[in-house]
Amino acid sequence: MMRAVRIPPFESLYAEHRDEVFRFLVRRLGRERADDAFQETFLRALRGYPALRHGEHLRAWLYTIAARVAADELRRPAEPRPAREEPAAYDGRPQYAELEHLAGDLPPKERSAVVLRYGYDLSYAEIGAALGSSEEAARQAASSGIRRLRGRRIDR
Amino acid sequence: MTVSPELDARFRDAAASAGLLDVAYDVTDSPVGPLLVAVGERGLCRISFDPEPERETETLARAFGVRVLRSPRPVDEARRQLDDYFERRRTSFDLPVDIERLTPFNRAVLELLARVPYGTLTTYGALAGEAGKPRAARAVGSVMNRNPIPIVLPCHRVVGSTGSLVGYAGGLERKEALLELEGVRAARS
């Protein structure tokens, strides 16, 4: 049996990924709004950290949180200039929430790729970076995840 | 583009203020070299000489939980008292310490150790006797050797039955330096 990857001290995770997560948020939100989103991302990560069961895919996990924080930030009604129109889902929940639920039991890499691509509209290059793999591998993971989801819906 | 020091500091502060850390730590300078000082929910839980933060955070995460983060604010009070001690403005520490996770014998010995006054010496055998195990001097030695909170729990005040310094996890030079600071002269064997 493979041993689960141990969860590192939060300091290691933070030190290793803070700069790239910050750059990601700057790309999504612009320099001015990135600071608050950065803090919020890592505070949310800290809140969820004790519930993790293993240390795999931590980078993708962080990117998912950062993407969610950025999406929340972009949806804030108070902002005078909506930088991005969030397409409404049927039940009023944002698209990414719906998708995270649907993709819940895909293999981790496919799930991350599907959620980041179709829920958060990340580019394959960004997803590749989040998953620690190539752009092409990210594209493949997303498309095989989608195939798997489609197959499942037909079965039902 | 990288995270600015201001933003980094802001996050580290916010994480501690929000009560989200199992352990906050920082590295502080002292006359006996840099010290890693760690504070958990129940109080001071580690002081390390010659800290290698990477290994240290792993150990702390295993003992106290994975939310270990360098965050200076929660460590301020311990740092202030240590500074005072090294400046001879303070002869005892008033800090909650967390030794909960140690074995009962370890804890009992460390609690006795905490009462050994500034500027005095005791012996491994005497502590063993006080702990109700007069023949356990060697075991007391190993408790001292693994003392998680040296300086504050003053294992530098414990010497061999002949008065020789015997040993110190942080190195004999440091034991000598701490005793000299407290005005005690002890012989190396």
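Is there a quick way to get the dipole size of segment B:10-61? I mean about its Cα centre, with the Cβ of Lys and Arg at +1 and of Asp and Glu at -1; what is the value in debye to the nearest 20?
Roughly 200 debye for segment B:10-61.
Which percent, nearest 5, of DSSP beta bridges in the protein assembly as shown are antiparallel?
Looking only at bridges with both residues in the protein assembly as shown, the antiparallel portion is about 65 percent.
Suppose all protein chains stay in the model; what accessible area per residue would a 1.4 Å probe give for chain B, in Å²?
Value for chain B: 49 Å² per residue.
Where nothing but the Cβ of Lys and Arg (+1) and of Asp and Glu (-1) is charged, how large is the charge dipole of segment B:60-140 around its Cα centre, in debye to the nearest 20?
The calculated dipole for segment B:60-140 is roughly 300 debye.
Quick one: grab the alpha carbon gyration tensor of segment B:82-174, order the square roots of its eigenvalues as a ≥ b ≥ c, and give me rounded if a/c is under 1.5, else prolate or oblate depending on whether a/b is larger than b/c.
Taking the square roots of the gyration eigenvalues as a ≥ b ≥ c, segment B:82-174 is oblate.
Relative contact order (percent) for chain B, with alpha-carbon contacts under 8 angstrom and 6 or more residues of separation?
That works out to 17 percent.
List the trypsin sites (Lys or Arg not before Pro) in segment B:136-189 that DSSP assigns to loop (not H, G, I, E or B) and whose Cβ has at most 13 other Cβ atoms within 10 Å. Which are they?
Within segment B:136-189, the qualifying trypsin sites (Lys or Arg not before Pro) (loop, at most 13 other Cβ atoms within 10 Å) are B:R146, B:R185, B:R188.
Given N residues in the protein assembly as shown, what is Rg(Cα) / (2.2 N^0.38 Å)?
Dividing the Cα radius of gyration by 2.2 N^0.38 Å gives 1.29.
Post the alpha-carbon centroid distance, segment A:1-77 to segment B:123-162, in whole angstrom.
Segment A:1-77 and segment B:123-162 have Cα centres spaced 45 Å from each other.
Considering the alpha-carbon set of segment B:8-166 alone, what are its Rg and its Dmax in angstrom?
Rg then Dmax for segment B:8-166, in Å: 16.3, 52.
Ratio of alpha-carbon Rg to the 2.2 N^0.38 Å globular estimate for segment A:3-47, to two decimals, please.
1.30
The values are calculated or read from the model by the stated rules, or taken from the named source; none is laboratory data. Predicted model, so just to flag it, every value in this text is computed and none were measured. Counting neighbours? That spans all protein chains shown, and the Cβs are built from the backbone with ideal geometry, glycine included. Quick note on the areas: whole protein, heavy atoms, side chains included, nothing else; ligands and nucleic acids left out. Shrake-Rupley method; radii C 1.70, N 1.55, O 1.52, S 1.80 Å.
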